[in-house]
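Okay, so here's the structure we're looking at.
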Amino acid sequence: MNSFENLLVSLDDRVMSITINRPASLNALNIETIKELGDIIELAKNNPQVSGIVITGAGDKSFVAGADITEIADLNDVNGRRFAENGQNVFEEIEKCEKPVIAAINGFALGGGCELAMACHIRVAVKSAKFGQPEVNLGLIPGYGGTQRLTQLVGKAKALELMMTGDLISADEALSLGLVNHVVENSKELENKVESIMKKILAKAPLAVGMVITCVNAVFSDENGYQVEANGFAHCCQTEDKTEGTKAFLEKRKPEFAGH
């Protein structure tokens, strides 16, 4: 399945694993890697054999240590806007994907790496991971949605502090702030925890899982979230999975969802 220069991609038991594979640069996101991420997410969304996605970084030091500074150094106000919008569009596709996306954070998640993690639906980190949006140290601001998603996740005051100081925080502090869902001791526990969460989600009705993602995203959009929820509930009511789920409950057995 892997035909990408900067990504390692595999599919096992309905879960697509995407590994940012630029260890020499601590998996920094260059323009080509962003493009490849967009391409593989699009493929995953349209592949019926894929039910969930895990994103991680190669090696044991870094998830993604940021964007590629050599490319950023040459940006001006014109191509800088395109650079930011391109990354925003790819990360929005991850955020809006109706299949669960889990970030397995195995090390540094800084700048664009923190932004990538925040675009995922669930974040699990090793204890040694570090998080931050240190763009002010380069005379910049987060450009891949960080100003928006960090504020959504940790609140305005702490988001402003982190982005204005450029401070890095530990995985434990990220957990206490709500930036990550779980912290584990090492890479093996990271793999096991991500697998456990994904397995639990994939046992549920896939259309309902996707609708949960859509409705939660509506909280942060200009849409009427309550109406999105009502529409989503109505849509679920006409599915075979709803019939199976309610029937299985009444018959006191495990449901067998087909995604229809």
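Order these by the 10 Å Cβ neighbour count, fewest first: Thr246, Thr19, Thr239.
The order, fewest Cβ neighbours first, is Thr246, Thr239, Thr19.
For the range 107-260, give me the percentage of DSSP beta bridges that are antiparallel, rounded to the nearest 5 percent.
Percentage antiparallel, nearest 5: 40.
In a Gaussian network model over the chain where Cα atoms closer than 10 Å are linked, find which of Gln133, Gln49, Gln238 has the largest mean-square fluctuation.
The residue with the greatest mean-square fluctuation here is Gln238.
For Arg81, Arg123, what ranking results if the residue with the fewest other Cβ atoms within 10 Å of its Cβ goes first?
Ascending Cβ contact count within 10 Å gives the list Arg81, Arg123.
Put a dot 7 Å past each Cα toward the Cβ at Met164 and Thr70; how far apart are the dots in nm?
Each label point is offset 7 Å from its Cα along the Cβ direction, giving 3.6 nm.
Using only the alpha carbons, work out the radius of gyration and Dmax of the range 166-209 in angstrom.
13.7, 41
Over the range 7-202, what is the percentage of antiparallel beta bridges among all DSSP beta bridges, to the nearest 5?
Given both bridge residues lie in the range 7-202, the antiparallel proportion sits at roughly 30 percent.
Could you grab the relative contact order for the chain? Cα pairs under 8 Å, six or more apart, rounded to a whole percent.
About 15 percent, as a whole number.
As a test of the formula, what do you get for the chain when each DSSP H run with n ≥ 4 contributes -39,500 (n - 2.57) and the sum is divided by the residue count, at 222 nm and rounded to the nearest 500 deg cm²/dmol?
The helix contribution divided over the chain gives -15000 deg cm²/dmol.
Would you mind ranking Ile122, Ile69, Ile55 so that the residue whose beta carbon has the fewest other beta carbons within 10 Å leads the list?
Fewest to most other Cβ atoms nearby, the residues stand as Ile69, Ile122, Ile55.
Points 7 angstrom from Cα along the Cβ direction at Asn181 and Val219: gap in nanometres?
Going from the Asn181 label point to the Val219 one covers 1.3 nm.
Once R0 is set to 22 Å, what does the formula 1/(1 + (r/R0)^6) return for the Cβ-Cβ distance between Lys199 and Asn46, expressed as a FRET efficiency to the nearest 0.05?
After rounding to 0.05, the efficiency reads 0.45.
Read the figures in this text as sums done on the coordinates, not as results from a lab. Predicted model, so just to flag it, every value in this text is computed and none were measured. Counting neighbours? That spans all protein chains shown, and the Cβs are built from the backbone with ideal geometry, glycine included.
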